[in-house]
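Q: Shown below is the structure under consideration.
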């Protein structure tokens, strides 16, 4: 019987294409062996590009996006931080031992370039997560639109969160509707502080990770970072769904998007909307699954090169 590891390796070594590999990673039931193999192969080619200068910038950026998605799939499949490091070390060792002008490198690079021709034609991608999904749109145009978005409902309230802007200009934003007519005076993004922690806090307590609520994927307060929104305004029609009549828009600093991209895909972050309540404040909290935010962000960057 052919093992799933061998099957995955034949598929990857055949370089079925960056988009097709992304579809495999998004499919349910991807095994640890499959995800680790894809991460290894993508890391090999990324390392070979860094060492040998194989690709033009758009192809290299596409490869980086595919590598980030493979990394996320490997983490979701159960590969820990040490396992990721071991795969990366093995990939870099493979490249270091292979001459840049070798037939293997030349053949693999040619297949990556060929795969990019199809990948470059894609304007939209969907990145499914365990409980939510990211939808990416890198179509060209001068209109402001959501480039990478995830939606969330919290109570009677509703939020769209992600990267928005014109072609090549994407800001991390939250647009939220509050049916009771209350207006938040501020918002903040709460997430794990990756600089002071070793990894994600996943409060499973015996529950399968695939069904773990997002509220139990945040670290304790002592391990969190907070980014306050730097701008607030009524949301424009270009960022609201047709069934949303009015909403408030908040823009977060670029450093917040960078911090979000460093997190484990199994984690969650919280967007807290702040309302005045007498002498204190009232907080309404929406949760966002980190998922393949980093891969989606890299997908958008391909279009801006």
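Q: Looking only at residues that are out of contact with any helix residue (DSSP H, G or I) (no Cβ under 7 Å at 6 or more places or on another chain) and in a loop (DSSP other than H, G, I, E, B) in the stretch 141-154, which one is farthest from residue 298 (Cα to Cα)?
A: Of all residues in the stretch 141-154, those out of contact with any helix residue (DSSP H, G or I) (no Cβ under 7 Å at 6 or more places or on another chain) come to 141-142, 149-154.
Add one more test, that the residue is in a loop (DSSP other than H, G, I, E, B), and what stays is 141-142.
Values: 141: 19, 142: 20 Å.
Restricting to residues being out of contact with any helix residue (DSSP H, G or I) (no Cβ under 7 Å at 6 or more places or on another chain) and in a loop (DSSP other than H, G, I, E, B), the top hit is 142.
For every residue, the table says whether it meets (1) crowded, with 16+ Cβ neighbours inside 10 Å; (2) not in a helix (DSSP H, G or I).
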residue	(1), (2)
264	yes, yes
269	yes, yes
272	yes, yes
276	no, yes
282	no, yes
286	yes, yes
294	yes, no
297	yes, no
300	yes, no
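Q: List the helices (runs of 4 or more DSSP H) inside the stretch 1-117, counting only whole elements, that have at least 2 residues being at pLDDT 90 or above and surrounded by fewer than 12 Cβ atoms within 10 Å (Cβ to Cβ). Step through it out loud before you land on a result.
A: Working: elements: 4-13, 18-26, 32-52, 57-77, 81-96.
Hits in the stretch 1-117: 81-96.
Q: Here are 183, 229, 176, 235: which of them is out of contact with any helix residue (DSSP H, G or I) (no Cβ under 6 Å at 6 or more places or on another chain), touching a residue at least 12 places away in the same chain (Cβ under 8 Å) and surrounded by fewer than 19 Cβ atoms within 10 Å (Cβ to Cβ)? Don't jump to the end; show me each part of the working.
A: Working: 229 fails: surrounded by fewer than 19 Cβ atoms within 10 Å (Cβ to Cβ); 176 fails: surrounded by fewer than 19 Cβ atoms within 10 Å (Cβ to Cβ); 235 fails: surrounded by fewer than 19 Cβ atoms within 10 Å (Cβ to Cβ).
Sole residue among the options that is out of contact with any helix residue (DSSP H, G or I) (no Cβ under 6 Å at 6 or more places or on another chain), touching a residue at least 12 places away in the same chain (Cβ under 8 Å) and surrounded by fewer than 19 Cβ atoms within 10 Å (Cβ to Cβ): 183.
Q: As an exercise: evaluate residue 243 against (1) assigned by TED's automatic domain parsing to the domain that holds residue 190; (2) outside any strand (DSSP E or B); (3) more than 25 Å from residue 193 (Cβ to Cβ); (4) touching a helix residue (DSSP H, G or I) at 6+ places or on another chain (Cβ under 7 Å) and give the number of the one condition it does not meet.
A: In the conditions (1) assigned by TED's automatic domain parsing to the domain that holds residue 190; (2) outside any strand (DSSP E or B); (3) more than 25 Å from residue 193 (Cβ to Cβ); (4) touching a helix residue (DSSP H, G or I) at 6+ places or on another chain (Cβ under 7 Å), residue 243 misses (4) alone.
Q: Something else: Among the listed residues 219, 200, identify the single one that is surrounded by 14 or more Cβ atoms within 10 Å (Cβ to Cβ), part of a loop (DSSP other than H, G, I, E, B), in contact with a strand residue (DSSP E or B) (Cβ under 7 Å, 6 or more places away or on another chain) and free of Cβ contacts under 8 Å to residues at least 40 places away in the same chain. Show your work before the answer.
A: Numbers: 200 fails: free of Cβ contacts under 8 Å to residues at least 40 places away in the same chain.
Exactly one residue qualifies, and that residue is 219.
Q: Still on this model: Counting only residues that are surrounded by fewer than 23 Cβ atoms within 10 Å (Cβ to Cβ) and over 20 Å from the mean Cα position of the chain (by Cα), which one in the stretch 186-196 is nearest to residue 234 (Cα to Cα)?
A: Here is the first cut: in the stretch 186-196, the ones surrounded by fewer than 23 Cβ atoms within 10 Å (Cβ to Cβ) are 186, 188, 190, 193-196.
Then drop every residue that is not over 20 Å from the mean Cα position of the chain (by Cα), which leaves 186, 196.
Working: 186: 12, 196: 36 Å.
Only one residue tops the list, namely 186.
The values are calculated or read from the model by the stated rules, or taken from the named source; none is laboratory data. Predicted model, so just to flag it, every value in this text is computed and none were measured. Backbone-built Cβ (ideal geometry, glycine too); neighbour counts: all protein chains shown.
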